[in-house]
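Shown next, in structure tokens, is the structure this report addresses.
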Amino acid sequence: MTIAAPSFEWLELSPLLIVLVGACIGVLFEAVLPRRWRFNAQLALLVVTLVAAFAMLLVNWGNGATGLLAMGSVTLDGPAYIAWGALLVFGLLSILVFAERQLDNGATAFAAAASSVPGSNLEADASAARLEHSEVYPLALFSLAGMMVFAASNDLLTMFVALEVMSLPLYLMSAMARRRRLLSQEAGLKYFLLGAFSSAFFLFGMALLYGYAGSFELRAIDAAITAPTYGPGILYTGMAMLAVGVLFKIGAVPFHSWIPDVYVGAPTPVTGFMAICTKLAAVAGGARVFFVALGAERWAWQPVLAVIAVLTMAVGAVLALTQTDIKRMLAYSSVAHAGFLLVAIVGALSEVPGGQVNSVGAIMFYLIAYGFAVVAAFAILTMVRGNAGEVNTLAGWSGLGRSNPVLAGIFAFLMLSFAGIPLTGGFIGKWAVFSAAWRGGYAWLVLAAVVFSLVAAYFYIRVIVVMFFGEPNRSVVVGRASGMTWVPVAVGAAASVYLGLIPGPLLDLLAQAEVFLR
Amino acid sequence: MTIPWLTLLGLIPLLGAAVLCFPVKEIAKGIGMAFALLTALAGFAVAGLSTSGVDLTERVPWIPSFGASWALGLDGMSLMMVLLTVVLTPLVLLAEWKLFDRESTTRWSAQVFFALVLFLEALSLFVFLADDVLLFYLFFEATLIPMYFLIGGFGGPRRSYAAVKFLLFSLAGGLIMLFSVVGLYGESTTQLGAPTFLVGELAKLGFAPTTEMLLMVGFLIAFVIKAPMVPVHTWLPTAAEESTPGTSVLLVGVLDKIGTFGMIKFCLVLFPDASRQAGPVMIVLALVSILYGAIAAIGSKHLLRLVAYTSVSHFGFMVLGIYTFTTTGVSGTIFYMLNHGFSTAALFLVLGFAVSRRGSALVASFGGVEKVAPVLAGSVLLAGLSGLALPGMSSFVSEFMVLAGTWSREPWVAAVAALGTVLAAVYILLMYQRTMTGPVTDQVREHFTTDLNRRERWVVVPLIAVILFLGFVPQAALTIIEPTAVATLGQAGISDPVPPFGEEAQ
């Protein structure tokens, strides 16, 4: 009996492998390096890993490498390239903020000893000894690798593994805030419990779809739908349960309830990382499942997703109106944005002549434009501080426009981008999404999205009103951050301007890379 | 390589705004004024070029995958609006020159004000020049941002509320319009095979009646809010009351014109059938605006609020002129847009000078000003007479044209609208009587220590001169305007009604 060695496309998979290897080396660093070297070593490793991975991605793109990799478990196609590239860029930018030590007297936003009981002597000792958890960098890298696989996996089993790999480090990191630790631990636990629950749904749905199609492969499920051997009952049930798992990660209503608490409780840099990278991976992976595996059954899921999109926009926008905490407001706004993204997913699969954005291109553009704004916005959140750490209350930000016009100006611009005001990247993203939905035959959904855009605009503008027209708050200062925070802010803001003025090149790139390999 | 004159025209004030982002302290006002004057010069140069027959059209692909292009063009109407904008901006800057010396009443510095005004000027110029619907939409929405800060950053105690109210009304209109713009994209993709936003191309599309109505209504709602017409006018009096007179001039004189401008350029040209169907509704709305605005102005206790209401009434006339679908009416409206800009600017600014002396904008706070500040009172009277369309003033010509155009379609409508001109005389003359004539009150004597100074006269004189010049030589503008009106109605496929006696003669 001969055993064929599994084929493995090392070069094509290299971006993913580099991230995984980098994460493993990071763990080794924790084991062998002396404590005083670890921070710098981890940081250098992080940057080298992500830059190398991005470089290899470009090499592969240049070679035009596409195809099913690793025995058909990972697909390298246009959307996968875009998702990987975006994940690497946003990953680098948002993980850089983890390493900011200048804002809080030389300490990062993470607890000195996460295992110590809040308020205990152990915690005080650890703080005094200036301990820090440099293992957050490998954790973030593992999570990022999981996200990359999730966005590109070709079968449900790989997807489930990727889901867990990306989620587990996030649960942990959410619970590690230095300030307001109980809140942070609650956030971590809540995220873990609900996440585990949604994973179970995903697993169940997967099992049912396996029962229906006899395979985990997305193509096989598509084939089974086209030439069915069983009735649709098991298919619909499986589809619904799978959708619960994906919609949980995207943060769509009614599976959004974890978002506000986790976003607020987690350390702000981690929130920034989750807000864009998790969402991007979940939307890219979700779009792949819905379009590739379940595309033939789209008449069944499009109306349901359309209703969910409306609910998501409504709940996100309306609840954001009532928030008095900027971080929590951004959390609800992230729910609303999930709704806008779903609008584009619903408008999918319309046959569009070449060279124009179809639904995947629109989704990706929206995510990229949103991502730059999110990275910069959360980085700015870490810089506005009072005596007890970050000040996130709206009242605390009052008058920031006069005491610190540059920072407030950038934040105001980011708010306008979120609101989708022209001359920002957010507007073009919104435009792409709306036009995709319109062409998909969902004009009424565009109308609903327009209405909720107005509601959403109101709370973004409220922040601007408070910053520029409010009385300055003496107890709040803008910390003198290092480049770790300023680089993401600058890059995010500059990219938002660029995408608003000259979106053509990126749109053309996306138009080339929007077809899923089936 | 031809010189992109229109782009350059918009870039000059933009550059000025950019320069003012740097700390230039003492010379900030000078720099701002220099850029505003340079823009005015460029505006006149562009006017000269286009009237001498040079084709200034610019077409550069901008977002190919959306079919959007950087398309600028100039016709009679946009030329009028460009001239209005470039003339009003330096006058506004001059009028508000001293605003910032009184630190207690304002919050932000003169530099910010000047930068915002220049930024707003650049965006409004692009709005009027855009030949591409997406580009128009983009700048249409973008103008809200500087205007929002101009209202919210400088002005009365409730300025923040006024700014948000203005922004929400405008954004609501803008987003509804976005729905229609997306719809145009979808329609042009289906019908032409590739998306386009060029007005000329879009005008060739044919729509199903319901689609056309839906898309037209999306545009129209935005323009009705912008114009502003009753019942969505409520943001304007609030904004005018709370902002500085200079801001109000830009808001009412320039930005609100986008409403009527858009009705002519987009609603009429792109959706002629739906526009014709909407005609009766719009005429009723226009009549309501004319009468309601005038009555509200008569009852106004606040001077700037009063001027805002007179504008609501005037915008009613403009909209009326458009929806009569006659060459006379549409030309009258375009001319009205120009005249209203100058005469409202004069009224706002002169009353602003009075208000800043008195320290209050309530009608009741004044009385007998003409005895202590005769030049100021005289200017108020001249500006006011222009507002009530006295013969000899340019506004008379345009109002007469609108009424004549209306008469040729619907005599009874013209009769009702003519009531508005009577009411106009009432609100202007009552205002003048209450504030400028009568016995001099102690407060007025105390506060009006000076008449208009040299700077203020430099603001008023050009405005009055333009108003009188166009009043006596309206042909100077009308020869440029008329071809646009004819072309617009031609594209909409509507011909003028034949006069009944003309019919007999044939």
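The values are calculated or read from the model by the stated rules, or taken from the named source; none is laboratory data. Predicted model only: the values in this text are computed from it and were never measured. All Cβ positions, glycine included, derive from the backbone under ideal geometry; neighbour counts span all protein chains shown.
The number of residues in region B:367-398 that are assigned to a helix (DSSP H, G or I) and without any contact (Cβ under 8 Å) to a residue 40 or more places away in the chain comes to 1.
Restricting attention to region B:158-169, the residues that are touching a residue at least 60 places away in the same chain (Cβ under 8 Å), closer than 16 Å to B:S248 by Cα and either of a type in the set (G, A, S) or more than 10 Å from every other protein chain (Cβ to nearest Cβ) (or both) total 5. Check whether at least one residue in region A:272-285 is closer than 30 Å to A:M71 by Cβ, touching a strand residue (DSSP E or B) at 6+ places or on another chain (Cβ under 8 Å) and either at pLDDT 90 or above or of a type in the set (F, W, Y) (or both), and report yes or no. For region A:272-285, residues closer than 30 Å to A:M71 by Cβ, touching a strand residue (DSSP E or B) at 6+ places or on another chain (Cβ under 8 Å) and either at pLDDT 90 or above or of a type in the set (F, W, Y) (or both): present.
Reported count of residues in region A:320-344, each being touching a helix residue (DSSP H, G or I) at 6+ places or on another chain (Cβ under 6 Å), among the aliphatic types (A, V, I, L, M) and closer than 21 Å to A:A282 by Cα, is 8. Residue check: is A:R474 over 24 Å from the mean Cα position of the chain (by Cα), of a type in the set (D, E, K, R) and within 10 Å of chain B (Cβ to nearest Cβ)? Judged against the criteria, A:R474 is not a match.
Residue-by-condition table, conditions (1) more than 19 Å from B:F119 (Cα to Cα); (2) acidic (D, E); (3) under 18 Å from the mean Cα position of the chain (by Cα); (4) at pLDDT below 90:
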| position | (1), (2), (3), (4) |
| --- | --- |
| B:V54 | yes, no, no, yes |
| B:T57 | yes, no, no, yes |
| B:F66 | yes, no, no, yes |
| B:M80 | yes, no, yes, no |
| B:V92 | no, no, yes, no |
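The residues listed here are B:Y323, B:Y336; of these, the one that is closer than 26 Å to B:L468 by Cβ and touching a helix residue (DSSP H, G or I) at 6+ places or on another chain (Cβ under 8 Å) is B:Y336. The set of residues from region A:52-106 being part of a loop (DSSP other than H, G, I, E, B), touching a residue at least 24 places away in the same chain (Cβ under 8 Å) and not polar (S, T, N, Q) comprises A:A65, A:A70, A:M71, A:G72, A:D77, A:A99, A:E100, A:R101, A:L103, A:G106.
Residues in region A:449-468 that are more than 7 Å from chain B (Cβ to nearest Cβ), surrounded by 20 or more Cβ atoms within 10 Å (Cβ to Cβ), under 26 Å from the mean Cα position of the chain (by Cα) and not hydroxyl-bearing (S, T, Y): A:A449, A:F452, A:A456, A:F459, A:V463, A:I464. Checking B:F139, B:F219 one by one, the residue that is within 14 Å of another protein chain (Cβ to nearest Cβ), touching a residue at least 12 places away in the same chain (Cβ under 8 Å), in a helix (DSSP H, G or I) and in contact with a Leu (Cβ under 7 Å, 6 or more places away or on another chain) is B:F139 and no other.
Checked against the criterion of being assigned to a helix (DSSP H, G or I), within 22 Å of A:F418 (Cα to Cα) and within 14 Å of chain B (Cβ to nearest Cβ), the candidates A:F372, A:F365, A:F273 yield just one match: A:F365. Output the residues belonging to region B:50-65 that are buried (at least 17 other Cβ atoms within 10 Å of the Cβ), part of a helix (DSSP H, G or I) and either more than 8 Å from every other protein chain (Cβ to nearest Cβ) or among the aromatic types (F, W, Y) (or both). Passing the criteria: only B:S50.
Residues of region A:270-324 that are under 22 Å from A:M364 (Cα atoms), polar (S, T, N, Q) and over 20 Å from the mean Cα position of the chain (by Cα): A:Q302 alone. Look at A:V515 and say whether it is surrounded by fewer than 22 Cβ atoms within 10 Å (Cβ to Cβ), touching a residue at least 12 places away in the same chain (Cβ under 8 Å), in contact with an Asp or Glu (Cβ under 9 Å, 6 or more places away or on another chain) and closer than 30 Å to B:T189 by Cβ. So A:V515 fits the description; yes. Would you call A:A252 under 21 Å from the mean Cα position of the chain (by Cα), farther than 30 Å from A:A111 by Cα, surrounded by fewer than 23 Cβ atoms within 10 Å (Cβ to Cβ) and of a type in the set (G, A, S)? Considered against the rule, which asks whether it is under 21 Å from the mean Cα position of the chain (by Cα), farther than 30 Å from A:A111 by Cα, surrounded by fewer than 23 Cβ atoms within 10 Å (Cβ to Cβ) and of a type in the set (G, A, S), A:A252 comes out as no.
Just to be sure, is B:V284 more than 16 Å from the chain's Cα centre (by Cα) and not in a helix (DSSP H, G or I)? Criteria not met by B:V284.
Across region B:114-130, a minimum of one residue is classified as more than 10 Å from chain A (Cβ to nearest Cβ), in contact with a Lys or Arg (Cβ under 9 Å, 6 or more places away or on another chain) and at pLDDT below 90. If I ask for residues that are in a helix (DSSP H, G or I), within 11 Å of another protein chain (Cβ to nearest Cβ), of a type outside the set (D, E) and over 13 Å from A:L414 (Cα atoms), which ones from region A:482-518 would you list? Of everything in region A:482-518, those that are in a helix (DSSP H, G or I), within 11 Å of another protein chain (Cβ to nearest Cβ), of a type outside the set (D, E) and over 13 Å from A:L414 (Cα atoms) turn out to be A:L501, A:G504, A:P505, A:L506, A:L507, A:L509, A:L510, A:A511, A:Q512. Annotation note: of B:E201, B:E187, B:E241, the sole residue that is touching a His at 6+ places or on another chain (Cβ under 9 Å) and over 27 Å from B:G321 (Cβ atoms) is B:E241. If the condition is being surrounded by fewer than 11 Cβ atoms within 10 Å (Cβ to Cβ) and in contact with a strand residue (DSSP E or B) (Cβ under 9 Å, 6 or more places away or on another chain), then region B:1-31 contributes only B:T2.
Each row is one residue, and each column tells you yes or no for (1) under 26 Å from B:L135 (Cα atoms); (2) buried (at least 24 other Cβ atoms within 10 Å of the Cβ).
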| site | (1), (2) |
| --- | --- |
| B:A240 | no, yes |
| B:G246 | no, yes |
| B:V249 | yes, yes |
| B:V252 | yes, yes |
| B:K257 | yes, yes |
| B:F266 | yes, yes |
| B:P272 | yes, no |
| B:Q277 | no, no |
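Residues of region A:381-407 that are out of contact with any strand residue (DSSP E or B) (no Cβ under 9 Å at 6 or more places or on another chain) and buried (at least 23 other Cβ atoms within 10 Å of the Cβ): A:G401 alone.
Taking the criterion of being facing another protein chain (nearest Cβ under 9 Å) and buried (at least 24 other Cβ atoms within 10 Å of the Cβ), the residues of region A:423-437 that qualify are A:F427, A:I428, A:K430, A:W431, A:A432, A:F434, A:S435, A:A437. Give region A:374-391 a look and list any residue that's touching a Lys or Arg at 6+ places or on another chain (Cβ under 7 Å) and modelled with pLDDT of 90 or more, or say none. Hit for region A:374-391 is A:L381, nothing else. Taking every residue in region A:109-131 that is within 24 Å of A:S94 (Cα to Cα) and pairing it with any residue that is part of a loop (DSSP other than H, G, I, E, B) and among the basic types (K, R), at least 6 positions away or on another chain, the pairs with Cβ-Cβ distances below 9 Å are A:A109/A:R178; A:A109/A:R179; A:F110/A:R178; A:A111/A:R178; A:A111/A:R179; A:A112/A:R130; A:A112/A:R178. With respect to the conditions (1) within 14 Å of chain A (Cβ to nearest Cβ); (2) free of Cβ contacts under 8 Å to residues at least 24 places away in the same chain, B:G206 lacks only one, and its number is (1).
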